[in-house]
Amino acid sequence: MRKSSVAAFLLASMMIGLGSAAAAECPQGALGVSRTIAVDPADHPRVGSMQYPESLPLRDHEVVLTFDDGPLPPYTTRILDTLASECVKATFFMVGRMVRGYPALVRRIYSEGHTVANHSQTHPFTFHKMTVEHAQQEIEQAHASLLSALGDEKAISPFFRVPGLLRQDSVEQWLAAHHYMTWSVDFLADDWTHINNKEVAKRAINRIEARGRGILLLHDIQPATALAFPEILRELKVRGYKIVHVVPATADQPKTAAEPELWAARHSREDKIWPRTVVMSVENALPVLAAPAPQSFGIENFGRPSIRIALAQTFESQLISDGQSPLTSMPPWPQQLAYSIPAEEVVLPAPAAYNFRYSRPYHLGDKSKGKKGATATANAGKTKDGTGGTSSSGSRPRAVGHQLTVMRPIGLWPWR
Ligand SMILES: [Zn+2]
């Protein structure tokens, strides 16, 4: 009974405009929205440097917050509370079937001034290979779900994010032709991968710091994200970041003017990927090494026309197209490192393969036992395999596992 009266109170509060009351009570020192930009999908149909040549026209230290896959109480609710406590606005890419399940939460998102966006009806992880007709169905059904919750076309932005970021040209063309702006992302926080809230916050902040500006993707259905989000905002505030709210351009709110170069995707802030190295001495500057290839880390087939990197058991994964990968576009390894090469005579040659061999293994514990009297004599006669160097004890303890034996180097040392 108590529960229902609380619900009734909340509903009544919402109806009489608790949202605006909360906005008016914005605490002093709250992060706040530094500016709202209106964008036109016709001019910029695809944004997000992870996959596209353009991203939102943000200035340094500006971040756009986006939440995918909701709404889902109590996590979305908690995130909305956090957003309200810092007076910041975000964009919610909602899944149609979640919208059907929690329409009241969709109405809260909208009434609190956040941007309502489309993330497909059922969130299939097949957007990169489905037919355009199927994609269209997913997109239109999600739109219908949002419309049924909000009852107003104008409440729904023409922003769409492909589930799992699994893009394909035909679907993007359909979206552009139907006045949608397809949103990718500038940085992820891996919050769908069962990492804890501390790690989510750390990754979000580190990646924002590495690029300096951009679109952050979080998932409002994840408990760790709901817990991490206050810390993310706190850190952003401490580090001097500003939150930008993005809305579609309309007749009432014309598109925000921005220099074309601000739309160009930036892959990294030059000096933030790796710490700068110190030039020790520049007698012979070494040639610059290229960044290691993804194959060096066991990532197969990277760089083929389109490769899906499995990022999640259940949620987002990303499709990185050839030439657009943030890895392949990273700057080369820091080139500042240089050092003098010592005179040749003091350099030892690298050990050859024959210096290292797996010999017949011995149990070390038996060694001391073997040195004693009759046992040693008895064991000495048992085996003779020639390995193990020049042990004078002559014992051969029993084998129990592998042991790496360093063989006597040939032709390298003074005693040879
Ligand atoms: Zn998603």
How big is the shadow of the Cα convex hull of segment 31-258, averaged over all directions, in nm²?
11.0
Working out 0.36 nm times the residue gap between Leu147 and Ala38, then minus their Cα-Cα distance, what length gain in nm do you get to one decimal?
37.1 nm
In terms of the Cα gyration tensor, with a ≥ b ≥ c the square roots of its eigenvalues, is segment 183-258 rounded because a/c is under 1.5, prolate because a/b exceeds b/c, or oblate?
prolate
Per its Cα gyration tensor (rounded if a/c is under 1.5, else prolate when a/b beats b/c, else oblate), segment 47-127 is best filed as oblate
Mean separation of Cα contacts under 8 Å (6+ apart) over length of segment 31-258, as relative contact order %:
35
Would you list Arg167, Arg207 from fewest to most Cβ contacts within 10 Å?
Arg207, Arg167
Quick one: plug the Kirkwood hydrodynamic radius of segment 112-174 (C-alpha pairs) into Stokes-Einstein at 20 °C, 1.002 mPa s, and report D in µm²/s.
177
Within the set Lys129/Lys154; Lys198/Lys237; Lys154/Lys237, which residue pairs have Cα atoms separated by over 21 Å?
Lys129/Lys154; Lys154/Lys237
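Read-outs: derived from the displayed coordinates by stated rules, not from any lab. Computed from a prediction, not measured in an experiment: that's the story for all the values here. Neighbour counts run over all protein chains shown; Cβ positions are idealised from the backbone, glycine included.
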